[in-house]
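Some notes on the structure that comes next.
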Amino acid sequence: MLSKRMLLCALACAAVFLAAAEAKSQSYPTKPIRMIVPFPPGGPIDVMGRLVGDRLSQGLGQTVVIENRPGAGAVIGSKAVASAEPDGYTLLFGSSGSLAVTPALYKNAGYDPVKSFAPVAAVSVGPLVLAVNPSVPAKTVAELVAHAKANAGKLNYGSGLGTPPHIAWGLFKLLTKTDVLYVPYKGAAPAITDLLAGQLHFIIDAPGVLLPHIQGGKLRALAVTSPTRSADLPGVPTMAESGYPDFLMTFWTGVVAPAGTPQAVVERLNKVINDGLASAEMKKSLARFRVEPRPGSPKDFAAFIASESKKWAGVISSAGIKVE
């Protein structure tokens, strides 16, 4: 058993250690911060990551360098952050793809969405839209399902491999009990090109890339996957309204740090991001991508990531979705 003197010494050492850690956190940051985006430059996630990086730079008074590390379905960039020093100087601008879908799809991803990261702050959330080529004789989800069942194995659906739209295909098949062929693409752009040309029959993707074609009459929107209707498509029902209450799916983004990052650092980053999300400028910028700001605490974001990871791992397993 420890003597009273040894116990007091241990407590004193612990107090000194905690004081040093707190002082270090209060001085953070003292050098540039690197935020990794696990996708190529120019896409929606990259642009939103740069918006957040600018806000962090302004709020922290320190340079935030955006580093694009694409590849292997976001595995390369995400794994790099998971294995980085947990000091607050390496962050990941993650998304529903990299933090929920990819770890369930790739058995050797090298990181766990819950255990490998310290959630900092959610940034945005938006719905997906189910849209069909006008050649498809369906004005509602029920009509699309009936058409798919009458033409089993003949309807084509395409998206980037291992992306949320890919998982949306699996969820659609699972809930509607239809046989729809999945066609893999390198990204959303070529898939939408083929959808417009009629080589694909329908897709479930972000409104930011589909809305111009829907408004131009080149595609027909049948439903949105969010709990409520989209302000951009007020006349389009939700999947729940269309008879599929379990078809709830959102596209989201957020910032995480390596597990073990000091809580004081996490809290400071969270405050700066939330302050930025409250600004009219940031709301306007995010609205360009048809998403809304999602301010909240690190604890809220941690619970959300855990819930999403479990949900989509279940869908991927049940639908038998695989990547080669």
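General remarks:
- Mean Cα-pair separation over length for the stretch 86-234, i.e. relative contact order, pairs under 8 Å, 6 or more apart, %: 33 percent
- Listed values for the stretch 212-226 are Karplus-derived 3J(HN,Hα) couplings in whole Hz (6.51 cos²θ - 1.76 cosθ + 1.60, θ = phi - 60°), namely x, 6, 5, 5, x, x, 7, 9, 10, 7, 9, 6, 10, 9, 7, and x replaces Gly and Pro.
- Accessible surface of Asp300 - all protein chains present, 1.4 Å probe, nearest 10 Å²: 90 Å²
- The modelled label-to-label distance between Gln62 and Ser279, using points 7 Å beyond Cα along the C-beta direction, is 1.9 nm.
- Under the Karplus curve 6.51 cos²θ - 1.76 cosθ + 1.60, θ = phi - 60°, whole-Hz ³J(HN,Hα) for the stretch 251-261, x wherever Gly or Pro sits: 9, 9, 9, x, 10, 10, 10, x, 4, x, 4
- Largest to smallest in accessible area, the residues Ser95, Ser27 fall in the order Ser27, Ser95 (1.4 Å probe, all protein chains included).
- Extension reserve of the Lys311-Glu292 stretch, reckoned as 0.36 nm per residue once the Cα distance is removed: 4.6 nm
- Backbone HN-Hα couplings from phi across the stretch 273-286 [Karplus 6.51/-1.76/1.60, Hz, Gly and Pro as x]: 5, 5, 4, x, 5, 7, 7, 5, 5, 5, 4, 5, 5, 5
- The candidates Asp232, Asp275, Asp246, arranged from most to least accessible area with a 1.4 Å probe in the full protein assembly, appear as Asp246, Asp275, Asp232.
- 22 Å Cα cut-off, lysine pairs counted over the stretch 156-303 (separation 8 or more, or different chains): 4
The values are calculated or read from the model by the stated rules, or taken from the named source; none is laboratory data. Just so it is clear, the structure is predicted and the values come from calculations on it, not from any experiment. Here the Cβ is made from the backbone with ideal geometry for all residues, glycine too, and neighbour counts use every protein chain on show. The accessibility values were calculated without ligands, DNA or RNA, using every heavy atom of the protein model including side chains. Shrake-Rupley method; radii C 1.70, N 1.55, O 1.52, S 1.80 Å.
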